[in-house]
Amino acid sequence: MKKPAPRETILSLFSQAPDGFVSGVLFSAELGISRAAVWKHVRSLRQAGYHIKAIPSRGYQLLQSPDVLMPEALLAGLDCHQIGSQISCLDVTDSTNLQACLLGDRGGPDGAVVIADRQTAGKGRMGRRWESPAGVNLHASILLRPPILPFDAPQLTFLSAVAVCRAIAACTRLRATVKWPNDVLVNGLKVAGLLNEMSAETDRVNYVVLGVGVNLNMLEKQFPKTLRYPATSLRLALGAPVSRLDFTRSLLRKVDELYQVFLEQGSAPILAAWLDLCQMNGQPVKVDGGNLQVEGVMAGLAEDGALLVRTGTGKIEPVYAGDVRPA
C-alpha cells in the first residue's frame, strides 16, 4: 500500500484528536521525521489556508480548514476500499471526464479520481455544455476498471446517482430523488448531473469514467438563464453553505460502498436502490426521444437500465435515450 503523504497524515491525526491538539512528538513519530521537518509541513498547510495554532507544551491545534479540495485533505481518514486510490485536484481543466479518460488510456488505477475547481469545456448528456463557476461546486470524474462486459457498463450511471443522493442525505439531511437517466433532484429541481464514458473492446471494458457534477453552493444569480431544466443548489435548498470537502469525501465513500456491492452482487441491488429514489416510477410520464415520443406510465427499469413505459395499449416500451418528464 502506498504510504500517505506527510500533509495527509497530519490532517488525519488532527481529525482523530479528541481535544483538537496533536503534539509535535506524535507527528514526528508517525511521520518518521524530525520536529523541524514537521514544522515545515505545518507551515505549508498554513500557506494553503489551514488555520493551525502552535501552543507550547500542548502541540498543534487545527482551528479552521479552508473549503479547498486538495488530495491530502480528501484522503485524510477517507478509508475506502478502492475509490481514491489516486486523487488529482486541478485549479482549472477542460473537462474532468476528458482528463480521467486520458488517465485511463495511460493505465491509471481503478478508483482514481480527477477533480477540478473550474472546467472550461464541461459537458453533459447529448453533448450539452455543463456550466459552473469556480469555487462553489463539485466537478469530479472517477476512473473504474470493473471486470464486466460493455453491455453492463451503462448500469454504473445508476450507481453514481444513488451515491450522490446518499451523500446529500449524509451531509444535509435533504431528500434527493432521481430522474432517468442521469439527473439528481432536490425539491423537484436539478441539483446534479451525471455523465459516464467508456473505453471498451468487443468482449471487455477497458475502463469506465463516472462524471459527476453537483451544484453545492451556487447562488440563484449564478445560474445560466437558458437552462433546459429548472435547477438549484444544496445551499439554496438548505439555506446555508455546504462544505465542499465534507461532501466530496462523503460522495467518494458512497461510491466506494456501492462499487463493492456492484462487484460482489451485480447490478440488481443498485437498480433497486435507484428505483426507491425515483418518484416518477408508477406515475404518468412523457418521454421525448427526438424521433421517438412515448407516453404512458413508468414501469421500472429493464436489466440493462432502459426505462420501461407501459403505454395506453398495455404494451411495455423500453426507452434507451430521451428526456422524461411527468405527463
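The values are calculated or read from the model by the stated rules, or taken from the named source; none is laboratory data. The shown structure was predicted, so the numbers you read here are calculated from the model rather than taken from an experiment. Neighbour counts are summed over all protein chains in view; Cβ atoms, including those assigned to glycine, are modelled from backbone coordinates with ideal geometry. Keep in mind that these areas ignore ligands, DNA and RNA; they rest on the heavy atoms of the full protein, side chains included. Shrake-Rupley method; radii C 1.70, N 1.55, O 1.52, S 1.80 Å.
Dividing the alpha-carbon radius of gyration of segment 241-327 by 2.2 N^0.38 Å (N being the number of residues), what value is obtained?
Numbers: Rg = 16.2 Å, N = 87, 2.2 N^0.38 = 12.0 Å.
With N residues counted in segment 241-327, Rg over 2.2 N^0.38 Å equals 1.35.
Three principal axis extents describe the C-alpha atoms of segment 228-291; from largest down they are 41, 37, 22 Å. Between LEU90 and GLU30, the contour length at 0.36 nm per residue exceeds the alpha carbon distance by 18.8 nm.
Roughly what % of Cα-Cα distances in segment 152-279 sit above 26 Å, to the whole percent? It would help to have the intermediate numbers written out before the result.
On the way: 1757 of 8128 pairs.
More than 26 Å apart: 22 percent of the Cα pairs in segment 152-279.
Per-atom-type breakdown for segment 45-105 gives carbon and sulfur 48% of the accessible area (1.4 Å probe, protein chains only).
Rolling a 1.4 angstrom probe over the protein heavy atoms, how many square angstrom per residue are accessible across the chain? Intermediate results must be reported in sequence, preceding the final value.
On the way: 15690 Å² over 327 residues.
For the chain, the solvent-accessible area averages 48 Å² per residue.
Rolling a 1.4 Å probe over the protein chains gives ARG58 an accessible area of about 120 Å². Within the listed set LEU275, LEU62, LEU251, the Gaussian network model of the chain (springs between alpha-carbon atoms below 10 Å) gives the highest mean-square fluctuation for LEU62.
Summary of the geometry: segment 203-279 and segment 1-26, compared by the centres of their Cα atoms, lie 29 Å apart. Distance distribution P(r), segment 1-157, all Cα-Cα pairs, bin width 10 angstrom from 0: 10, 32, 29, 19, 9, 1, 0 percent.
Annotation: the antiparallel percentage among DSSP beta bridges lying fully within segment 167-295 is about 95.
With springs only between Cα atoms under 10 Å, which of LEU271, LEU227, LEU307 fluctuates most in a Gaussian network model of the chain? Comparing LEU271, LEU227, LEU307 in a Gaussian network model of the chain, the most mobile one is LEU227. Can you tell me which aspartates and glutamates have their Cα less than 14 Å from the Cα of LYS286? Leave out same-chain residues fewer than eight positions away. Within the straight-line limit of under 14 Å, LYS286 reaches these aspartates and glutamates: GLU295, GLU317, ASP323.
Overall, the accessible surface of segment 177-327 at a probe of 1.4 angstrom is composed of carbon and sulfur to the extent of 48 percent.
In loop segments of segment 153-215 as defined by DSSP, the trypsin sites (Lys or Arg not before Pro) with at most 16 further C-beta atoms inside 10 Å of their C-beta are ARG173, ARG175.
Applying the criteria of a DSSP loop state and at most 11 other Cβ atoms within 10 Å to the trypsin sites (Lys or Arg not before Pro) of segment 258-327 yields LYS315. For segment 206-258, the residue among LEU245, VAL208, TYR229 whose Cα projects farthest onto the positive side of the dipole built from Cβ charges is TYR229.
Assuming 0.36 nm per residue, please report the length gained on full extension of the stretch VAL68 to GLN293 beyond their Cα-Cα distance.
Working: separation 225, 0.36 × 225 = 81.00 nm, distance 4.43 nm.
Full extension of this stretch gives 76.6 nm more.
The loop-placed GluC sites (Glu not before Pro) in segment 114-215, going by DSSP, include none that has at most 11 neighbouring Cβ atoms within 10 Å of its Cβ.
With an 8 Å Cα cut-off and a minimum separation of 6 or more residues, compute the relative contact order for the chain in percent. Kindly include the intermediate steps, with their values, before the conclusion.
Details: 633 pairs, mean separation 43.5, N = 327.
Reported as a whole number, the value is 13 percent.
If the viscosity is 0.692 mPa s and the temperature 37 °C, what translational diffusion coefficient in µm²/s does Stokes-Einstein give for the chain when Rh comes from Kirkwood over Cα pairs? Estimated via Stokes-Einstein, D reaches 155 µm²/s.
Please report, ordered by residue number, every helix of the chain (full DSSP H runs) that is 27 Å or longer along its axis going by C-alpha atoms and whose mean Kyte-Doolittle hydropathy reaches -0.5. Don't skip to the end; give the middle numbers.
Working: long enough: 244-265 (31 Å, -0.37).
Once both thresholds are applied, what remains is 244-265.
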